[in-house]
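The values are calculated or read from the model by the stated rules, or taken from the named source; none is laboratory data. Just so you know, these numbers come straight off a predicted model, no measurement behind them. Positions of Cβ are generated from backbone atoms using ideal geometry, with glycine treated the same way; all protein chains shown enter the neighbour counts.
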Amino acid sequence: MVEITIRKRPQTEAVITQRKFFKKTARGKVVKVLRERYLRDDVGCGIEGCRECMASNEPLLPAKGDLTHQLFPNGHYVLPDTNVFLSQMDLIESDRFRSPMILLQTVLEEVRHRSLPLYNRLKALTKSEDKRIWTFYNEYRSETAIVREENETPNDRNDRGIRIATAWYNTHISLTRPPIRGQTKNALPTVVLMTEDAANRQKAEQAGISCISVRKYVEGMKDAGQLLDLLSAAGSDNIEPTQASSGRQVLYPEYLPSATLIAGVKAGELYQGHFNPNPYNYLEGTVSVPAFSKPILLVGRENMNRAVQGDIVVVELFDEKEWKAPTDEVVDQEATLKNDDAEDSGEEGDENAEEVIAKESRVLRLETQVPTSERQPTGRVVGVIKRNWRAYVCHIDSTSLTSTLTTSLSTQTVFATPVSRLLPRIRLRTRQAPSLLNQKILVTIDRWDTTSRYPEGHFVRTLGKVESKEAEQESLLLEFEVPYRPFGKAILDCLPPEGDSWVVPPKGDGDVRNIWRDREDLRDVIVCSIDPPGCQDIDDALHAKLLPNGNIEAGVHIADVSHFVLPDNPMDSEAAARGTTVYLVDNRIDMLPSLLGTNLCSLRPYVERLAFSAIWELTPDADIVNVRFTKSVIQSKAAFTYEEAQIRKDDPHLQDELTNSIRLLNSLATKLKAKRMAAGALNLASPEVKIHLDSAESSDPIDVEQKELRETNSLVEEFMLLANVSVARKIDESFPQTAVLRRHLPPPKTNFEKLQDILRKTKGMTLDVSSSGALAASLDKCIDPSEPAFNTLVRIMATRCMLSAEYFCSGSVARDTFGHYGLASDIYTHFTSPIRRYADVLVHRQLAAAIGFSPLHASLHSKSHVERVLDVVNRRHRMAQMAGRASVEFYVGLALKGRGEVSKSRGEGEVREEAFVIRTFRNGVGVFVSKLGIEGLVTFKRDTQFDADNYTISVPGSASTAGSKEGVKISVFDKVVVQIEVEKDKNTQRGKVKMTLIEPVDSRAL
Amino acid sequence: MSSRIEILNAGGYRSDGRRQYELRTISIDLSPQGSGADGSATLSHGLTQVSVCVFGPREAKMRSQTYHDRANVNVEVGIAAFSSSERRKRGRGDKRILELSQTIKATFEPVIQTSLYPRSQIDIYIQVLQQDGGLLQACINATTLALINAGIPLYDFVCAVTGGVHSTSPLLDLTLLEENDLPNVTVGVMPRTGKGRLVK
C-alpha cells in the first residue's frame, strides 16, 4: 500500500495557496484563472546530512559544498537565476563546470516557458551523473513560496522568489548545523546567487545575500581559462529579458496588392519568377528571371518574405549598390534555430527571437566584402502570385514537444521538419504529437502570417515508421509529386478486351479490325532487342542487313503504343498527366497500365508485336542514303542484355545471322558516334550507380557499384539518337507549328565562370566554352595523369553548369533555338520510348500522320494544347529524375549502413572511401564520392582560413599532426579520404549520410 | 500556456504542489440552507465546490412519476454560469448535465432504501458553484452528505474520487488541468460493504 502523507496548511492562509491570474484566450476574451497551490514543509533542501530534510533516493549535494573556488573558501553552492541558463547554457553544460548547483523550481519553470529546447538540455543535465544539481521546489515550500504583489511584474516576482530562496537556504544551513558546544565553530558553506542582473544583485546585497556575476564567478574557478571562452558575449549586456510587448510582433512586410504586382511586372519594374531556396543556406534563395543572366538573390528571412519553394513570386530589385554575392557558408536551419520554440515564436516579443535575429544577421553580415564582379542582382519578395503549397513529408521535431507521453491528450504546438532541405519548418498543432514521433507524416501549410516566423500547417496523415521502406518510398513519391495511385476502372476499360491473350491477328481474312492495313510485314526480319538486365518494358528493337548494292539497311523498331493509346480517352489523359514512368530502385511507377507496358506493347521475343519502324539505307560509312518510316509487325528473334550482346559480338565462333547483324550495327554505331563527336557532341558524365538487391522479396540492398558501360550500350544509344533525329526532321517538316521536339539550350557563359576559374587556378587548365565542340575538346584535355577519375569529375561538374533539356512545341520558339547543345544536333525529339514517356506517344501520332497512316487528332494541331501538355511532361520528367536519384540515395544510405555494420562486426572500423573536393565553403567542403555516386558535406567547427579566390580552405592541424601550425590546405579537386557513416538526425530522425575527413586532416576532432 | 505546465514533475510534485496520492483540501458545511430543505451540504474539493439540497421523502408533485412500491429519486443538476473560467450558461436540457444527473441518480437509487417510502419522491438538487476538476466526485460526496443530513435511510454511503494515469504513475483527485490532459476515471465505493458502486 502506498504511504500517503498529507501535510497541508490550514485554509486561513488562502492568499498564499491560491494563485490568480488573467489569461487572454485565442478569441481575445479575458479569462480569470484561479489555481490552488499546496504549500508544504517536506520539500527537501538536497544537502547531504541535513537533519531536517528527509533523505531522498536522488543524489544529494555534498555537505561541504564546493571548496575549490577562490572566493568561497568555506565551501559554497551556486544558485543561478533564469538568465544564466538562457544565455550561458554552454558554460553550464561544460564538463569543467562542476560546482554543486541548486536549481530552483522558479528558474526551471521560467526556462521552460522561454525555450523548450533549452529546458530539455537543462533537464538532461540534472539527470547526468557528473553534474551535481539539486532541484529545489521553492514554490511548494511554505517558507519560500511567494505571491506576486500588486504592480509587480512576473519577472520581478520571480527574482524576488529566487532571492528569498537563497536567503532561506543560507539560514537553513546555519539552523540545521548549530555549533556544537566545545568545538570550534564550523565554517558553513554559503549559497551564492549567480545572476547577471545588476539590479537584482543590488537588491540581494541589501538583503544580505551573497551574489555574484557569472564572469566573476568563473574567473575564480579552477579552470577559469577554458571556461571563460564558453561565456557567451550576449550575457554581459543583454539582461532584462521579458519585455511585455504589446500584441504580436510583425516579422515580415506585407505583400503588395495583386493589381500593383501585375502592373509592376508588366511595366518591368518588378520581376516574376519561381522562388528557389538555397539548400545549403536557409537564409538565402534565388529567383530566376529572364531579364538577368544571373538569378536574383534574396538574402535574409525578411527579403524572402514567406516565400516557399516553388511559389511564383514577384521580386523588387534593390539598388545596384546593395547587390550581394551568394554566401560561401553552410547555414543549417536546424543548428541555428535549435533553441527556437514552437509555441511562442511571434507570440511574445521573446528574447529568443532576438537571439535568432542576432545570429542570423551575424551570418548575413559576413558576406559584405566581395568583389563587384561576383555580385548578382539582389532584391526582395513583394508579393506572391501563386502559392505552390502542397503536402510535405515531415518529421516531428522531438525537442519541440512539451510532453512525450503517449497518454497526454492535450493539444501541443510542435515543429514539423520537412524532409526537403528547401523548406522551412512548419508549425503544427496536434493532439497526437507523442505518437507521431519517429513517423513520417504528411503536413500541409495552411497559412503564413506576417507575425509568425514559421508557416502554420496541419497534419494530414502518417506514412509509416521512419526508415521503413514503405514509408520512405511513399514519402519519395509524395515529395516529388509522382502520381502513384493505381489505374482506375475507366482507364483499364480502354485496354483491349482480350487482355493477356491479345495477339496480332493473322493476315488476311482473319483481320477483322483491319490491323494489317498499311502495315509492313517485317516478321521475317532478324530483329533483336538489347536492354538492361531484368527489363520488362522493351520498347525498342533493332535489325541490320547488307543490301545487294553494298549499302546497309538498318532498322529501329519502336513499340506501337499509339495503336493502343488513342487520343482523348481516359487512358490517354492519365498517361499525359503522369508524363513518364518513374524508376525507383525497387519499384517502378508506370505511365501506362502494365498490360500494355510489359506485355502487349513490349517487344518481347518470339511473339508478333505491332511496331513503328524507322528504316534507313546507310552507306558503309554510315551516311544516310534514305530513310522511311512505317508501321509494321515484327517478331523479335532474341532479347539480349547489354552484356549478352557484347559477349555474342566478341565471340568469333558465332557466325549466325543474328550475331552478324549485331556486328553490323556496331560498326555503324561506332561511325555514327565518331561523326557526332566530330560535330561537337558532348560526352557528359553523371554519377550513376547501381544497387545490388539481396533478393526480390526482402529488397535489402547489399552493395553499391558504379554502372558499367559497354560497347553495346553505345550501340543502342547511337541508333536511338539516329531515329530521334530522323523522326524530328520528318515531323517538323510536316507540322512546322505543332511538332513535339526536344531541345537543349546552350548554357549561358556565366554558368561556367566559376568552374573555369577553379580549373585555371588549381590545375592551370582552361575550358573553352565558346561552343559545344570547343567544350568537348577542352574537356578531353582536362586530364590529370596521376588521377584517372579527374576527367570524369570535371565532366560531372561541367554537366551541372548546363541547363536541362526540355520538350517544346516547334511553333512556340524561334527556329534558331531548336538545337540540342549536348548532342550537337540542330533538331531532336524523343521517339524511341513511348511506353515510358508521353512525349514519344505524341511524336508517334504526329509521325503516323506525317506518313499518311492516320489523320492527326485535332488536339495535336493546336499549339496551345501541345504546349500545355509538354509543360506537364517537362515537369514530370524533372520530378521523376529527382525521385529516381533520391531513391538511389536512400538505398545507398541503407547499403552504407549495412556495410558499416558488417565492417564494424569484423572490427574493421567504419566505411572509408576516397572522395574529391568539389566545392569549398567558408566552414566546410563539399565532397563527391565517385565510387558511391554520392555527395556529402564536411563541416568544420574550428576556425578555418578560407580563401575564396583560390578556392582553398586551410584547416588547422589536429592534435595528431601537431607541428604543422599552418594547417593543411585543401582545395577544389583535391583527393581526400572520408569516413562515411549513416546517422540519424537527432531531431528529425532523418537518416543522413555523415562524412568526416580522415585524410589529409582528421576532422573528427575539429 | 496551459500545455507548458508539467502534470507531474521530476520531483514528484503535481502542478499544485501535491504529491501523487494526496487529495485537495476538503471542506464540508452542513448548515441548513434557506428554503427549508430537509438536508443540505456544501462540499468543496479544493476549488471545486458544489452545494446539494435534499427534499423528501415527500409527496410527488406528479402522480405519474410515482411507483407503488418505492420512492422515486429525482436528481437535478444546475451549473452556475460563473463556475468555470469562461462564463457560460448551460440550459437544463444540456446533454452533459443530463448525463451527470443520470449518473448520480443511478448511483444513489440502489443505495437509498427507497422501498420504505412507496409512492413518494426524494428530490436531490445539486448546484455547482465552482469547477476545477472532479465534478462528479464532488457531486457524489456532497449528495451522500446531504442525504445523511436529511436523515434518509441508506444501505451504505457512497464516497467517490477521481483517478488518472500520467504515463505509468497514478494520480488521485485531479484538477481541471490534469483532467484535460489525462485519461481519468471516477470511482465510487461503499466503504461499509466494501463494494464498488460506480466506475465512470
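Only residues that are under 23 Å from the mean Cα position of the chain (by Cα), facing another protein chain (nearest Cβ under 10 Å) and not basic (Lys, Arg): list them for region B:1-43, please.
The answer is B:Asp16, B:Gln20, B:Tyr21, B:Glu22, B:Leu23, B:Thr25, B:Ser27.
If a residue must be farther than 21 Å from A:Val43 by Cβ and of a type in the set (A, V, I, L, M), how many such residues does region A:63-116 contain?
8
Answer with yes or no whether A:Val482 is more than 30 Å from A:Asn569 (Cα to Cα) and touching a helix residue (DSSP H, G or I) at 6+ places or on another chain (Cβ under 9 Å).
No: the conditions fail for A:Val482.
Pick from A:Thr580, A:Thr630: which is within 30 Å of A:Leu658 (Cα to Cα) and hydroxyl-bearing (Ser, Thr, Tyr)?
A:Thr630
List, please: which pairs have Cβ atoms under 6 Å, are six or more places apart or on different chains, and start with a residue in region A:550-566 that is closer than 13 Å to A:Ala669 by Cα and end with one that is at pLDDT 90 or above and β-branched (Val, Ile, Thr)?
Close Cβ pairs (under 6 Å, with a partner that is at pLDDT 90 or above and β-branched (Val, Ile, Thr)) amount to A:Gly555/A:Ile615.
Please give the number of the condition A:Ser804 fails out of (1) assigned to a loop (DSSP other than H, G, I, E, B); (2) farther than 15 Å from A:Pro746 by Cα.
Among (1) assigned to a loop (DSSP other than H, G, I, E, B); (2) farther than 15 Å from A:Pro746 by Cα, the lone unmet condition for A:Ser804 is (2).
Any idea how many residues of region A:517-541 are under 12 Å from A:Ile634 (Cα atoms) and either of a type outside the set (Gly, Ala, Ser) or not in a strand (DSSP E or B) (or both)?
Here the count works out to 11.
Among what's in region A:502-545 and is under 41 Å from the mean Cα position of the chain (by Cα) and over 20 Å from A:Pro834 (Cβ atoms), pick the residue that is surrounded by the most Cβ atoms within 10 Å (Cβ to Cβ).
Among them, the one singled out is A:Pro533.
So which residues in region B:67-83 are part of a loop (DSSP other than H, G, I, E, B) and more than 26 Å from A:Lys29 (Cβ to Cβ), if there are any at all?
Once the filter is applied, which keeps residues that are part of a loop (DSSP other than H, G, I, E, B) and more than 26 Å from A:Lys29 (Cβ to Cβ), region B:67-83 yields B:Tyr67, B:His68, B:Asp69, B:Arg70, B:Ala71.
Would you point out which residue out of A:Val414, A:Val503, A:Val482 is within 14 Å of chain B (Cβ to nearest Cβ) and β-branched (Val, Ile, Thr)?
Step by step, each of A:Val414, A:Val503, A:Val482 is checked, and only A:Val414 is within 14 Å of chain B (Cβ to nearest Cβ) and β-branched (Val, Ile, Thr).
Residue check: is B:Gln20 closer than 23 Å to B:Leu100 by Cβ, at pLDDT below 90, in contact with a Ser or Thr (Cβ under 8 Å, 6 or more places away or on another chain) and assigned to a loop (DSSP other than H, G, I, E, B)?
no
Would you pick out the residues in region A:137-172 that are touching a residue at least 24 places away in the same chain (Cβ under 8 Å) and of a type in the set (Asp, Glu)?
Within region A:137-172, A:Glu139, A:Glu143, A:Asp159 qualify.
Helices (runs of 4 or more DSSP H) wholly in region A:182-234 with at least 2 residues that are at pLDDT 85 or above and closer than 27 Å to A:Cys50 by Cβ - which ones?
A:198-206
If I go through region B:142-184 residue by residue, how many of them are surrounded by 20 or more Cβ atoms within 10 Å (Cβ to Cβ), of a type in the set (A, V, I, L, M) and away from chain A (no Cβ under 14 Å)?
8
For region A:576-618, give me every one of the strands (runs of 3 or more DSSP E) that falls completely inside it and has 3 or more residues that are over 36 Å from the mean Cα position of the chain (by Cα) and more than 10 Å from A:Arg836 (Cβ to Cβ).
Passing ranges, in order: A:608-618.
I'm trying to understand the selection: among the residues of region A:767-781, which are surrounded by fewer than 18 Cβ atoms within 10 Å (Cβ to Cβ) and in contact with a helix residue (DSSP H, G or I) (Cβ under 6 Å, 6 or more places away or on another chain)?
The one that is surrounded by fewer than 18 Cβ atoms within 10 Å (Cβ to Cβ) and in contact with a helix residue (DSSP H, G or I) (Cβ under 6 Å, 6 or more places away or on another chain): A:Asp768.
Can you pull out every residue in region B:181-200 that is touching a residue at least 24 places away in the same chain (Cβ under 8 Å), under 17 Å from B:Gly164 (Cβ atoms) and not aliphatic (A, V, I, L, M)?
B:Asp181, B:Thr186, B:Gly188, B:Lys200
Being touching a helix residue (DSSP H, G or I) at 6+ places or on another chain (Cβ under 8 Å), modelled with pLDDT of 80 or more and within 9 Å of chain B (Cβ to nearest Cβ) is the requirement here; does A:Leu39 meet it?
It is true that A:Leu39 is touching a helix residue (DSSP H, G or I) at 6+ places or on another chain (Cβ under 8 Å), modelled with pLDDT of 80 or more and within 9 Å of chain B (Cβ to nearest Cβ).
Checking A:Gly764 against (1) surrounded by fewer than 13 Cβ atoms within 10 Å (Cβ to Cβ); (2) within 21 Å of A:Asn683 (Cα to Cα), which test does it fail?
Every condition holds for A:Gly764 apart from (2).
So, of the residues in region B:44-62 that are part of a loop (DSSP other than H, G, I, E, B) and over 15 Å from the mean Cα position of the chain (by Cα), which turns out to be nearest to the other protein chains (Cβ to nearest Cβ)?
B:Lys61
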